[in-house]
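The values are calculated or read from the model by the stated rules, or taken from the named source; none is laboratory data. Note that the coordinates shown come from a computational prediction; the quantities given were computed from them, not determined experimentally. No Cβ is skipped: glycine too gets one built from the backbone with ideal geometry, and neighbour counts run over all protein chains shown. Accessible surface areas use protein heavy atoms only, side chains included; no ligands, DNA or RNA. Shrake-Rupley method; radii C 1.70, N 1.55, O 1.52, S 1.80 Å.
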Amino acid sequence: MSLTRSWTPPGPYDLHGSLGVLCRGPYDPTYRAEGGTGGAVWRGTRTPEGPAALCVRLRPGGAHGEVRAEAWGPGAGWLLEGLPRLLGAEDDPDAFVPHHDITREAHRRHPGLRLIRTGRVLESLIPSVLEQKFTAEEAYRAWRLLVRRFGERAPGPHPNLWVMPHPRDWLRIPSWEWHRAGVDQKRSAAVVRALQRASRMEEAAHMGLARAQARLQAIPGIGPWTAAEVLQRCNGEPDAVTVGDLHLPRLVGYALTGERGVDDDGMLELLAPYEGQRHRASRLVVLGGPRMPRRQPRFPVGNIAPL
């Protein structure tokens with residue numbers, strides 16, 4: 001049995017572009033997207049009321065279309081109650097004021113892009129910790145293996161959708177299983193410390209940016225990079241700019257100045273005119289800016305599992 005709900009966006013809406021930040025790689029077991037702008041997005045999640053599956057689809061109609069959602073499982077009601085918030089109803093793209101031609105054009109070309117808000121901290125925190133100093137491929141693999149091995153199949157009809165483990169089940173994962181998934185002790189320990197304070201971590205979803213950052217970073221192993229990546233997704237924070245990233249400062253710097261080698265300080269200086277909207281600005285730069293020609297080989301993918 002499923003529950004349904006509809007939401008009509010107040011303007012143009014990009015379903016896949018808005019929700020796509022929740023996808024952790026092309027084979028994320030908790031996120032499935034069907035092709036095309038009219039294709040459905042499926043999401044398996046663990047709500048305060050239990051596991052749930054959500055299917056959302058943008059249907060033509062009216063001035064801008066309508067989002068139809070269907071949910072299954074014990075957490076279906078909780079998911080649908082917060083559906084507009086998840087889809088970005090609380091976001092205000094009109095608050096963004098472009099200061100560069102690149103951000104102005106990207107903002108114009110992506111009018112339906114909204115910052116979503118899941119309200120769930122741990123489901124963004126755990127994969128973000130896995131991505132610390134890993135290649136994306138390594139982190140995506142670790143997330144996929146751990147969810148498939150210790151999580152559960154999502155309620156509903158999707159044959160290949162999963163829900164991540166309950167906090168108590170994450171805590172029961174033995175050290176050799178983390179190792180088998182390619183996760184070193186430093187990262188698994190950070191995840192465990194956060195899980196031991198799961199309720200305190202989830203409270204950050206209802207805090208302002210500064211308090212939420214402080215709450216997350218009180219856990220050893222969770223720094224500014226991880227906190228920003230989490231708060232962008234669970235709180236929809238338009239100013240949670242990612243610092244400490246290997247690529248973002250260079251991309252922003254090259255797009256806005258044509259110069260290579262821009263560091264975090266340089267990026268923050270360039271984004272200073274966007275105070276309050278720095279995450280949105282950096283995301284628009286990545287969407288619309290020129291790609292910096294590659295001079296170095298890709299970072300090699302490692303695998304600690306056989307060690």
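Let's see how each residue does on (1) open to solvent by 20 Å² or more (accessible area, probe 1.4 Å); (2) touching a residue at least 12 places away in the same chain (Cβ under 8 Å):
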{"site": "224", "(1), (2)": "yes, yes"}
{"site": "230", "(1), (2)": "no, yes"}
{"site": "234", "(1), (2)": "no, yes"}
{"site": "263", "(1), (2)": "yes, yes"}
{"site": "269", "(1), (2)": "yes, no"}
{"site": "274", "(1), (2)": "no, yes"}
{"site": "278", "(1), (2)": "yes, yes"}
{"site": "282", "(1), (2)": "no, yes"}
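Could we say that residue 16 is part of a helix (DSSP H, G or I), in contact (Cβ under 8 Å) with a residue 12 or more places away in the chain, open to solvent by 30 Å² or more (accessible area, probe 1.4 Å) and within 29 Å of residue 145 (Cβ to Cβ) here? Here the answer is yes, as residue 16 does meet what is asked. Of everything listed in (1) surrounded by 19 or more Cβ atoms within 10 Å (Cβ to Cβ); (2) closer than 17 Å to residue 117 by Cα, the single unmet condition for residue 82 is (1). Consider residue 59 carefully, then state whether it is open to solvent by 60 Å² or more (accessible area, probe 1.4 Å), modelled with pLDDT under 95, of a type in the set (D, E, K, R) and over 21 Å from the mean Cα position of the chain (by Cα). Against the criterion (open to solvent by 60 Å² or more (accessible area, probe 1.4 Å), modelled with pLDDT under 95, of a type in the set (D, E, K, R) and over 21 Å from the mean Cα position of the chain (by Cα)), residue 59 qualifies. Residue 158 fulfils the conditions (1) open to solvent by less than 20 Å² (accessible area, probe 1.4 Å); (2) in a loop (DSSP other than H, G, I, E, B); (3) in contact with a strand residue (DSSP E or B) (Cβ under 6 Å, 6 or more places away or on another chain) except for a single criterion, (1). Within region 84-105, is there a residue that is modelled with pLDDT of 95 or more, assigned to a loop (DSSP other than H, G, I, E, B) and not assigned by the TED database to the domain that holds residue 26? Within region 84-105, none of the residues are modelled with pLDDT of 95 or more, assigned to a loop (DSSP other than H, G, I, E, B) and not assigned by the TED database to the domain that holds residue 26. For region 224-262, the candidate set comprises residues that are among the charged types (D, E, K, R) and within 17 Å of residue 131 (Cβ to Cβ); within that set, the residue that is modelled with the lowest pLDDT is 245.
Only helices (runs of 4 or more DSSP H) whose full extent lies in region 162-241 are considered here, and the ones with at least 1 residues that are of a type in the set (Asp, Glu) are 167-171, 175-180, 198-202, 224-234. Residues in region 119-137 that are over 27 Å from residue 254 (Cα atoms) and open to solvent by 10 Å² or more (accessible area, probe 1.4 Å): 119, 120, 123. In region 41-49 there is no residue matching the filter, namely being open to solvent by 40 Å² or more (accessible area, probe 1.4 Å), farther than 22 Å from residue 205 by Cα and either touching a helix residue (DSSP H, G or I) at 6+ places or on another chain (Cβ under 9 Å) or outside the structural domain of residue 151 (by the TED database) (or both).
Only one entry of 298, 291 meets the criterion of being within 30 Å of residue 185 (Cα to Cα), open to solvent by 30 Å² or more (accessible area, probe 1.4 Å) and at pLDDT below 95, and that entry is 298.
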